[in-house]
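The next block holds one structure in the form of structure tokens; read it before the comments.
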Amino acid sequence: MRQAPAAEAPLRFAAGLYRVQGRIAAAIEAAHGEAPLTGHLDDDAERLLPRLSTLIEYAAREGPQLLADEARARQKDLPSTARTRLLVYWAGDRASTEDYLSRAMLRPYVEFLRSVNTAPDRVHRQGQCPFCGGFPWISARRDASLMEGARRMLGCALCGGEWVFGRILCPSCFEGDPAKLPSFQNETHANVRVEACETCNRYVKSIDLSEDARPIPEVDDLVSLSMDLWAAGQGFTRIEPGLAGL
């Protein structure tokens, strides 16, 4: 925190968000014990909505200003509107999934589905999570054999799962020309880099865990927010925002 004071507020917000999501997950598990959840959000939404309001309350109270303003506006939604928002996000097209609050609300539900091996009824496209169809919010380079080099794992923003993805390939548009896939680092955050694509102008934040697996991607992502701000200034958009909404 002393090395990255600007990350203190996002880290505190993220820690609180995880606590709220943990309580929601416990409530969802209890609801599943009463009657199994189906993985079809259209069927499960009515049982979920009363349990998700606490996350909106937390974001309205503790979130950064833009997110807090959005959360306060959503507190006024009728149940039918709140349900529609989640279903629009669930549909999975790029425009509708740029909804941080819906993603945060649904994560405990989808994580629980993954824990009980109940696949959600979402479209699965190349470059997205093979379990739930979520977009990647982070990339991690993990140790592999000397012949293979470090494996590239993408982390799902929705269910928290990971999957192997090509090392020289854009997860957004699948550009495979190394000359169009630059990566950027700085000395302050030596194990973090921006893996960008000059074809679609998107990027994914990458954390190097190949030599030291102890770093926590969520923390390193928040501590290195300056790199996201730099990437935005260069005209790149993150494929999926991190916990801070960047």
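Quick look at the values:
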quantity	calculated
Residue pairs meeting the criteria (Cβ under 6 Å; at least 6 apart or on separate chains; first closer than 13 Å to E240 by Cβ, in the stretch 119-138; second at pLDDT below 90 and open to solvent by 30 Å² or more (accessible area, probe 1.4 Å))	G133/V123; G133/H124
Hey, D77 within 26 Å of E29 (Cα to Cα) and of a type in the set (D, E) or not	yes
Single condition W230 does not satisfy, out of (1) among the hydrophobic types (A, V, I, L, M, F, W, C); (2) open to solvent by 60 Å² or more (accessible area, probe 1.4 Å); (3) assigned to a loop (DSSP other than H, G, I, E, B)	(3)
The listed residue being surrounded by 13 or more Cβ atoms within 10 Å (Cβ to Cβ) and more than 19 Å from the chain's Cα centre (by Cα), out of A15, A25, A31, A9	A31
Any strands (runs of 3 or more DSSP E) falling wholly within the stretch 60-177 and containing at least 1 residues that are touching a Pro at 6+ places or on another chain (Cβ under 8 Å), of a type in the set (G, A, S) and buried (at least 18 other Cβ atoms within 10 Å of the Cβ)	136-142, 151-156
So S53, is it under 22 Å from I239 (Cβ atoms) and either in contact with a Pro (Cβ under 6 Å, 6 or more places away or on another chain) or among the polar types (S, T, N, Q) (or both)	no
Pair list, Cβ under 8 Å, 6 or more apart: the stretch 31-51 residue under 23 Å from L78 (Cβ atoms), other residue β-branched (V, I, T)	D44/T38; L48/I28; R51/I24; R51/I28
Qualifying residues in the stretch 186-210 (those that are modelled with pLDDT of 95 or more and among the acidic types (D, E)) - the one most open to solvent (accessible area, probe 1.4 Å)	E198
Residue identified as within 19 Å of the chain's Cα centre (by Cα), open to solvent by 10 Å² or more (accessible area, probe 1.4 Å) and under 26 Å from V110 (Cβ atoms) among I239, I216	I216
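For (1) within 26 Å of R238 (Cα to Cα); (2) among the polar types (S, T, N, Q); (3) within 18 Å of the chain's Cα centre (by Cα), each residue gets a yes or a no:
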| position | (1), (2), (3) |
| --- | --- |
| L37 | no, no, no |
| H40 | no, no, no |
| A68 | yes, no, no |
| T81 | no, yes, no |
| T84 | yes, yes, no |
| W90 | yes, no, yes |
| M105 | yes, no, yes |
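The values are calculated or read from the model by the stated rules, or taken from the named source; none is laboratory data. Here the structure is a predicted model, which is why all the values come from computation and not from measurement. All Cβ positions, even for glycine, are placed from backbone atoms using ideal geometry, and neighbour counts span all protein chains on display. What goes into the accessible areas is simple: the full protein's heavy atoms, side chains included, and nothing from ligands, DNA or RNA. Shrake-Rupley method; radii C 1.70, N 1.55, O 1.52, S 1.80 Å.
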